[in-house]
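Comments concern the structure below.
The values are calculated or read from the model by the stated rules, or taken from the named source; none is laboratory data. Bear in mind the structure is a predicted one, so any value in this text is a computation, not a measurement. Cβ: placed from backbone, ideal geometry, glycine included. Neighbour counts: every protein chain shown. Heads up: the accessible areas ignore ligands, DNA and RNA and are worked out on the full protein's heavy atoms, side chains in. Shrake-Rupley method; radii C 1.70, N 1.55, O 1.52, S 1.80 Å.
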Amino acid sequence: MTQVLALSGGIGGAKLAVGLQRVLFPGELTVAVNTGDDFEHLGLAISPDLDTMIYTLAGMQNPELGWGRANESWNFMAEIERLGGEHWFRLGDKDLAVHIERTRRLNAGEKLSGITADFARHFGILGKVVPMTNDLVRTMVVTDEGTLDFQHYFVGRRCEPAVKGLAYAGAADAQLVPFVQEAVEDPSLQAIVICPSNPWLSIGPFLEMPAWRQLLVEATVPVIAVSPLVNGQAVKGPTTKIMSELQLEQSSATIARFYEGIIDGLVLDRSEAHLAPQISMATHVTATLMKTATDKQRLAREVMDFARSFSKL
């Protein structure tokens, strides 16, 4: 049996995770998901990227919004707004049940990894979905208006403040969850895939954890990343805005430098094929835009074929 470990943020990474889930056999995929975006809101423990991953792998994501549940209703938020409560971060009625149950179980002393595995099973997902850590790691965005926690920057301010830097509170001491350790130690592990998520916001929290960085650097299987850029632009989200504000060239060559020493190969979109000679690691050029189920599966197959091309396999 082939095993694959994928690292991902939310929407963009989840698309490739869907492709991997479909081209691998049931139970062969473990997806470790960023928790730097997690926060407490209205007294509830919110894990946006974990929930997006579970909903997407289960085929229950909201295609119009790109986040949350399909066929959602918003009665709870309407009443919160009526009462003068905080309504800048919207929680749908179905989504709310997930947050309430997660909060109840965390308060009872359970670990986020166990709760997440349970949720994935109840949503019918045959692979494993795990948080990057059970410890508290929080992505902080240093802006021209001061330091903001991620959700206030991303949702509350709609990414408007200029980014001067990023910090990952708690990352230095955070540990791996047992599910990840098991995946890495599995002799049938064939590849580690970094999905096309925002490197600074979604993958940065992993890399700021010494345990994760060591795992990736010492991996005995190929580590392959997929660039989130198409023709120098992010498909979704503030990746290129942040790159510009950090005075970084908006290209996959910059993405390659971000992952240098971590990855063995980088998958580029055809629109950036001309950058391959500037990149120090092996590259694979293909169409990386994933609009359809066919796109997701084709890219997943190519990523796996690229991984298999390395002699260390």
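Quick notes on this one:
Quick grid of which residues meet (1) among the aliphatic types (A, V, I, L, M); (2) open to solvent by 20 Å² or more (accessible area, probe 1.4 Å):
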| position | (1), (2) |
| --- | --- |
| Gly10 | no, no |
| Phe25 | no, yes |
| Thr30 | no, no |
| Thr35 | no, no |
| Gly43 | no, yes |
| Ile46 | yes, no |
| Tyr55 | no, no |
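- None of Trp74, Trp67 is open to solvent by 20 Å² or more (accessible area, probe 1.4 Å), under 27 Å from Ala167 (Cβ atoms) and among the aromatic types (Phe, Trp, Tyr) except Trp67.
- Of all residue pairs spaced 6 or more apart or on separate chains, those with beta-carbon atoms under 8 Å, a first member in the stretch 224-236 that is without any contact (Cβ under 8 Å) to a residue 60 or more places away in the chain and a second member that is part of a strand (DSSP E or B) and buried (at least 17 other Cβ atoms within 10 Å of the Cβ) are Ala225/Val193; Ala225/Ile194; Ala225/Gly265; Ala225/Leu266; Ala225/Val267; Leu229/Asp269; Val230/Asp269; Asn231/Asp269.
- Restricting the stretch 89-98 to residues that are touching a strand residue (DSSP E or B) at 6+ places or on another chain (Cβ under 9 Å) and of a type in the set (A, V, I, L, M), the residue that is surrounded by the fewest Cβ atoms within 10 Å (Cβ to Cβ) is Leu96.
- Candidates Glu110, Glu101, Glu86, filtered to the one that is open to solvent by 20 Å² or more (accessible area, probe 1.4 Å) and over 20 Å from Leu136 (Cβ atoms): Glu86
- Among helices (runs of 4 or more DSSP H) entirely within the stretch 4-123, having at least 3 residues that are among the aliphatic types (A, V, I, L, M) and touching a residue at least 40 places away in the same chain (Cβ under 8 Å) singles out 11-23, 48-57, 93-107, 112-122.
- Identity of the residue in the stretch 142-186, among the polar types (S, T, N, Q) and open to solvent by less than 80 Å² (accessible area, probe 1.4 Å), that ends up nearest to the chain's Cα centre (by Cα): Gln151
- Residues that are open to solvent by 10 Å² or more (accessible area, probe 1.4 Å) and closer than 18 Å to Ala253 by Cβ, drawn from the stretch 196-231: Pro196, Asn198, Trp200, Pro228, Val230, Asn231
- Gln3 vs. criteria closer than 24 Å to Ala191 by Cα and modelled with pLDDT of 95 or more: no
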